[in-house]
Amino acid sequence: MPDFARQIVLWQRRFGRHDLPWQGTRDPYLIWVSEVMLQQTQVVAAIFYYERFMARFPSVAALAAAEEDEVLRLWSGLGYYARGRNLLRAAIRIQTQHRGRFPREPEALTELPGIGRSTAGAIAVFSFGARAAILDGNVKRVLARCFGIEGYPGVAMVERRLWSLAESLLPARGVERYTQGLMDLGATVCTRNRPDCERCPVAELCVARRSGRVNELPQARLRKAVPRRRVTWIVLRHRGQVLLERRPSAGLWGGLWTFPELARGDTKEYCRREFGCTLSHTRRLAPIEHGFTHFKLTISPLLCDVARASPRAEQSGRIWISIEDAAHAAVPTPVRKLLRNLVVPADLVVPAKAGTQ
């Protein structure tokens, strides 16, 4: 066993994480869901969502039989909602094309929606004891620092080098503990900011530590100015209900329920023409800031009390729903925050400026 792998294995046995809810199992379904959740979410936050998800969908068969709306409702808060949709798509394919059984080979796993090379490797290692490499963000950071890999890991040439290194370091045995150790090391010791080099089991081998470049490796992506988008949400409220509309499957918040967006023009006339609603009055609510990977979104909600509603408002993927039920539906985080704040409007509502009526 290479010295790097041996030190990782010994360290994981003594200091690694051993009590996470998805550990101690060979069930590929449990491991798969946890790996997908952890792609963009820290462990502490993922545990709650994982346990709630498993309580409702304890098996791949249960997930495959689910409605997308319910899957997205349980995914709400985790972000990157394509992951939830891909989970459902992959579960259906496992049931229909693989008779409810996960493929054992990493290459076959990558053919399922939403499963990349690293996730496939993790599933194969922990479920089937395969000798496969992983290369998530934490592992990239550990390898780049320890072996002095230059360049941004997201560049194809650098990533290929990291994959080659990851595969060359695989031990002949103990791959599961080694793989878990790499994950644990990157998550708890070799962190992006303030790494605890004194606790690192491979500190003596680390090129970045010896050369004083721990804060430089791996190289960060060149940051461009993040654009800002602005939208106005129409919060139609009528007899304790609000009007929500479903977003298209492709694009931002695909498949989730949100408030309609206001196009240009007079608010009252727009609501009459588009929703068949007669408004009594409107009030501005406090703006909401929400960040995405590639842009920032400023949401300006406009609370519109409806004097008379039309049944045609529920056409074309729209629905009237109670504020309480809406807060527990498949809605993105900003919508849920706004819905919960509607019960205390005095803290949020500010007078509308002239001309917004």
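Can Ala144 be described as surrounded by 20 or more Cβ atoms within 10 Å (Cβ to Cβ), touching a residue at least 40 places away in the same chain (Cβ under 8 Å) and farther than 26 Å from Thr41 by Cβ? No: the conditions fail for Ala144.
The set of residues in segment 115-169 that are assigned to a helix (DSSP H, G or I) and among the β-branched types (Val, Ile, Thr) comprises Thr119, Ile123, Val125, Val139, Val142, Val158.
Within segment 304-330, residues that are free of Cβ contacts under 8 Å to residues at least 40 places away in the same chain and assigned by TED's automatic domain parsing to the domain that holds Lys268 have Cβ atoms under 6 Å from residues that are surrounded by 14 or more Cβ atoms within 10 Å (Cβ to Cβ) and part of a loop (DSSP other than H, G, I, E, B) in these pairs: Ser310/Gly276; Arg312/Gly276, counting only partners at least 6 apart in sequence or on another chain.
Scanning segment 287-317 for residues that are surrounded by 12 or more Cβ atoms within 10 Å (Cβ to Cβ) and over 26 Å from the mean Cα position of the chain (by Cα) yields Leu302, Leu303, Cys304, Asp305, Val306, Ala309, Ser310, Arg312, Ala313, Glu314.
Among the residues here, Ala90 qualifies as in contact with a Pro (Cβ under 8 Å, 6 or more places away or on another chain) and either outside any loop (DSSP other than H, G, I, E, B) or of a type outside the set (Gly, Ala, Ser) (or both). Here Gly174 clears all of (1) under 26 Å from the mean Cα position of the chain (by Cα); (2) under 13 Å from Ile8 (Cα atoms) except the condition numbered (1). One residue stands out in segment 184-211 among those that are in contact (Cβ under 8 Å) with a residue 60 or more places away in the chain and in contact with a Gly (Cβ under 9 Å, 6 or more places away or on another chain): the one that is surrounded by the fewest Cβ atoms within 10 Å (Cβ to Cβ), namely Ser211.
Scanning segment 254-265 for residues that are in a loop (DSSP other than H, G, I, E, B) and either surrounded by fewer than 19 Cβ atoms within 10 Å (Cβ to Cβ) or at pLDDT below 90 (or both) yields Gly254, Gly255, Leu262, Ala263, Arg264, Gly265. Residue count for segment 257-296 satisfying the condition of being touching a helix residue (DSSP H, G or I) at 6+ places or on another chain (Cβ under 8 Å) and within 30 Å of Gln39 (Cβ to Cβ): 5.
Against the conditions (1) in a helix (DSSP H, G or I); (2) free of Cβ contacts under 8 Å to residues at least 60 places away in the same chain; (3) touching an Asp or Glu at 6+ places or on another chain (Cβ under 8 Å), Pro103 satisfies every one except (1).
The values are calculated or read from the model by the stated rules, or taken from the named source; none is laboratory data. Being a predicted model, the structure only gives us computed values, none of them experimental. Every residue, glycine as well, gets a Cβ built from its backbone with ideal geometry; the counts of neighbours run over all protein chains shown.
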